[in-house]
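The values are calculated or read from the model by the stated rules, or taken from the named source; none is laboratory data. Bear in mind that the values here come from a model prediction, so they are computed numbers and not experimental data. Backbone-built Cβ (ideal geometry, glycine too); neighbour counts: all protein chains shown. These area figures cover heavy atoms from the full protein model, side chains too; ligands, DNA and RNA do not enter into them. Shrake-Rupley method; radii C 1.70, N 1.55, O 1.52, S 1.80 Å.
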Amino acid sequence: MATTPRPAEVATTIVVFGATGDLAHRKLYPALASLASTGQIPDRLCVVGVARTEMDDAEFERTVIASVAKATGGDQETGAAAFADQGVRFRYLTGSADDSATFQALADLLRGGPDGTHPIGNCLFYLSTAPSLFESIADGLGMAGLAHEDDGFRRFVVEKPFGHDLTSALALTGHLCRWFHERQIFRIDHYLAKETVQNILALRFTNTIFEPLWNRRYVDHVQITVAEDLGVEHRGAFYEHAGALRDIVQNHVMQVLALTAMEPPASFQADAVRDEKVKLLRSVHPLDLDTLERHVVRAQYTAGEVNGVPVPGYREEEGVDPRSHVETYLALRLDVDNWRWAGVPFYIRTGKRLARRVTEVVLRYKAVPFLPLPPSARDTVEPNELVLRIQPDAGIETSFAAKVPGQAFRVRQVRLDFSYAQTFEEAAPEAYERVLHDALVGDATLFIRSDEVEQSWRIVQPLIDGFDQVTLPLTQYPAGSWGPTAAQSLLLAPEDRWRAP
Ligand code: BG6
């Protein structure tokens, strides 16, 4: 994983497209301020905001500082001080991302005027915009000569979704690659920036005790859960085009799956890790229309209660079609065709408005081959579990049987529990802080390469086709529950259960 190389010493500019948007204000500027306050930004940094709203440089700076203050619960002066101490400058350009004049004006600004000959230095283009603008921004930058790394780096930072199906994802990659080399494109999946997701690599590959048990000989099955108690919030219209499959499974779940199941990388360098992830994703057995019904459960939440508060059903949410067939819950079974995992099902479930927010990976081990216990003492023995708790209560726990004190030989399941919060004093950087830092220093380990995007879409494309063609049943679950009972039917062995987090 990334060591912390120093940011480059030459002048650096971060150009934020969608500079007035919600994501930039809530996540990006506070992350930048936090990096600034700990001296982790490059010297002579300039932030150039680009958006349609009319404003001048000073007003842009004020809005950035106000959003930092809001996000950190601090006052305006504290927000301002972080940037001022590091000499960060702010510039603003009014313009539309689909107008070539915007990019000419940006080039002029970066070069110091219409006839300017200033070296641009390093430049990070951060797209905090709707995905529909990714291609036109790449074109605009390319045509204005801003993609060439003539006097510093040029990096193009984008956040999911990378396409809405396999074809569009390939087209997007092809389009971006007209102007940028793959090494210049930094695709964010904020799950990779979570400490606990990175800890999957640390746990597996810096210890000897886990890896020998991390395979088909010992593991019965794996469960990956990404459960949210939130609904679609104010993003109903967006979610109608995404559903759980595109919103969570194609990206975050595939990344967690890849890190959990991949082979050991040669190093923690970006391409070594990404090569292994791609190899794993390539091994995921393609689902086909005939098996879809046995491998996939889709559902949508109806009205219910979450944490004691009544909440509406999905179809009653703002921006949602009252007859919508979009899934807010998805459970599926995937098989991995390789020597390590052949025959080990990977069960995946994700949903909105579930009982609680929890993301975890569970390795359920095989039962012992023979139990040297009297029949009356056997039913308290359960298979071992190793649980990687990604959030919210980050940690690792394992369960095993221990003898109950007393004359009789009875056993009971007990747990060993490691908690991040109780063990480490060091604060984990916020995901966007990590992403921004790594993009600035050019460490691509936590960013998604185009072949990973392609493989993830390859895995989910049959589901997209199946949802369109087969009318796979859409069941329901009340908000605040653990999802539809039908999800139980995916588990192969009758005694298997989804883990109750
Ligand atoms: C985003 C999805 O990518 O991830 C959201 O678009 C989801 O719908 C979010 O709520 C979950 O992220 P986290 O970090 O809260 O698990």
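Looking only at the range 76-121, filter to residues that are open to solvent by less than 70 Å² (accessible area, probe 1.4 Å) and touching an Asp or Glu at 6+ places or on another chain (Cβ under 7 Å); which one of those is modelled with the lowest pLDDT? So the residue we want is G116. Answer with yes or no whether R434 is open to solvent by less than 70 Å² (accessible area, probe 1.4 Å) and basic (K, R). Criteria met by R434.
Every listed requirement among (1) within 10 Å of the ligand (Cβ to nearest atom); (2) open to solvent by 30 Å² or more (accessible area, probe 1.4 Å) is met by P286 save one, (1). Report yes if R274 is within 12 Å of the ligand (Cβ to nearest atom) and not aliphatic (A, V, I, L, M), otherwise no. So R274 fails the test. Among the residues of the range 285-304, is any within 21 Å of H234 (Cβ to Cβ), of a type in the set (S, T, Y) and not in a strand (DSSP E or B)? Scanning the range 285-304 turns up no residue that is within 21 Å of H234 (Cβ to Cβ), of a type in the set (S, T, Y) and not in a strand (DSSP E or B). Here Q488 does not fit the description of being in contact (Cβ under 8 Å) with a residue 12 or more places away in the chain and more than 23 Å from N251 (Cα to Cα). Among the residues examined, R323 qualifies as surrounded by fewer than 24 Cβ atoms within 10 Å (Cβ to Cβ) and free of Cβ contacts under 8 Å to residues at least 40 places away in the same chain.
Let's see how each residue does on (1) within 28 Å of A266 (Cβ to Cβ); (2) not aliphatic (A, V, I, L, M):
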residue: R415; (1), (2): no, yes
residue: Q422; (1), (2): no, yes
residue: A427; (1), (2): no, no
residue: D438; (1), (2): yes, yes
residue: L446; (1), (2): yes, no
residue: F467; (1), (2): no, yes
residue: S481; (1), (2): no, yes
residue: Q488; (1), (2): no, yes
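Exactly one residue among D75, D57 is among the charged types (D, E, K, R), touching a Lys or Arg at 6+ places or on another chain (Cβ under 9 Å) and not assigned by TED's automatic domain parsing to the domain that holds A270, and that residue is D57. Residue count for the range 154-172, restricted to those that are open to solvent by 30 Å² or more (accessible area, probe 1.4 Å) and hydroxyl-bearing (S, T, Y): 1. In this entry, D189 passes the filter for residues that are within 16 Å of the ligand (Cβ to nearest atom) and not small (G, A, S).
Counting only strands (runs of 3 or more DSSP E) that sit wholly inside the range 336-427, those with at least 2 residues that are open to solvent by 80 Å² or more (accessible area, probe 1.4 Å) and over 25 Å from R217 (Cβ atoms) are 410-419. From the list R217, R204, the lone residue that is among the basic types (K, R), away from the ligand (no atom under 12 Å from the Cβ) and buried (at least 16 other Cβ atoms within 10 Å of the Cβ) is R204. Taken over the range 230-258, the criterion of being modelled with pLDDT of 95 or more and more than 10 Å from the ligand (Cβ to nearest atom) is satisfied by E240, G243, L245, V249, Q250, V253, M254, Q255, V256, L257, A258.
Mind listing whichever residues of the range 242-283 are assigned to a loop (DSSP other than H, G, I, E, B), without any contact (Cβ under 8 Å) to a residue 40 or more places away in the chain and open to solvent by 20 Å² or more (accessible area, probe 1.4 Å)? Scanning the range 242-283 gives A266, S267. Of all residues in the range 47-95, none satisfies the criterion of being touching a Ser or Thr at 6+ places or on another chain (Cβ under 6 Å), more than 19 Å from S128 (Cβ to Cβ) and outside any helix (DSSP H, G or I). When A500, A486, A479 are screened for being farther than 30 Å from N122 by Cβ, among the aliphatic types (A, V, I, L, M) and not assigned by TED's automatic domain parsing to the domain that holds P392, only A500 passes.
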